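First the structure, in the form of structure tokens, and then the observations on it.
The values are calculated or read from the model by the stated rules, or taken from the named source; none is laboratory data. The model shown is predicted, which means the values in this text are computed figures rather than measured ones. Cβ coordinates were reconstructed from backbone atoms using ideal geometry, including for glycine residues, and neighbour counts include every protein chain displayed.
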Amino acid sequence: MSIGAFVFYGGFAALILYTIAMYNGLVRLKHAVSQAWSNIDVLLKQRHDELPKLIETCRQYMQYEKDVLERVTRARSGVATAREAGDVAGVGAAEGALRAGLANLYAVAENYPELRANDRFQHLQSRITQLEAQIADRREYYNDTVNANNVRIEQFPDVVVARLFAFAPRTLLRFEAGETKDVDVKALFSA
């Protein structure tokens, strides 16, 4: 075998190995995004299970605040529907409504000293607050992973392999613009 043939076959083998390595890296990123979403999904399910308990506890005390409880219930349903459909953008929009409803619920609960003193209410409020913090942490990780995936499938030479094997960009989990602005506490207490 001549040196030219050896260089040609060696270069071809190196190209094949490099392509395989790129493909495997893209597969790892795709699965990392799926795993990151699964972590958020688990927390959303846990919070979904806790909210009816909180609403029922509040309902026992808040006889005249049915609209507040109904808004939280509708928002909870919206998150569940979007989550089950795998609609990341829909989850973000529904999360905004749910968070606003919970903030309103907690603000209105301030008018009910017996409710605030209730151990079950305090436990559920604490549990939901912990889940909210965990969801925020997981959302940050998910968005970092999605960003890494989306950048990688657009970079050369990875874009060639990504298009060849139909690797698609993923959607960032964004919450409504109202989520990022300061809460108007005065408006919450006048509801």
* Asked: Looking at the stretch 174-181, is at least one residue among the charged types (D, E, K, R), modelled with pLDDT of 90 or more and in a loop (DSSP other than H, G, I, E, B)?
  -> no
* To do: Looking for whichever is touching an Asp or Glu at 6+ places or on another chain (Cβ under 7 Å) and either under 26 Å from S38 (Cα atoms) or exposed (fewer than 14 other Cβ atoms within 10 Å of the Cβ) (or both) here; the options are L173, L124, L102. Which one fits?
  => L124
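Anything in the stretch 12-33 that is within 23 Å of the chain's Cα centre (by Cα), surrounded by 14 or more Cβ atoms within 10 Å (Cβ to Cβ) and either polar (S, T, N, Q) or under 14 Å from A162 (Cβ atoms) (or both)? List them, or say none. Steps first, answer last, please.
As a first pass, look at the stretch 12-33 and keep what is within 23 Å of the chain's Cα centre (by Cα): 26-33.
Checking which are surrounded by 14 or more Cβ atoms within 10 Å (Cβ to Cβ) leaves us with 26, 29-30, 32-33.
Selection gives L26, L29, K30, V33.
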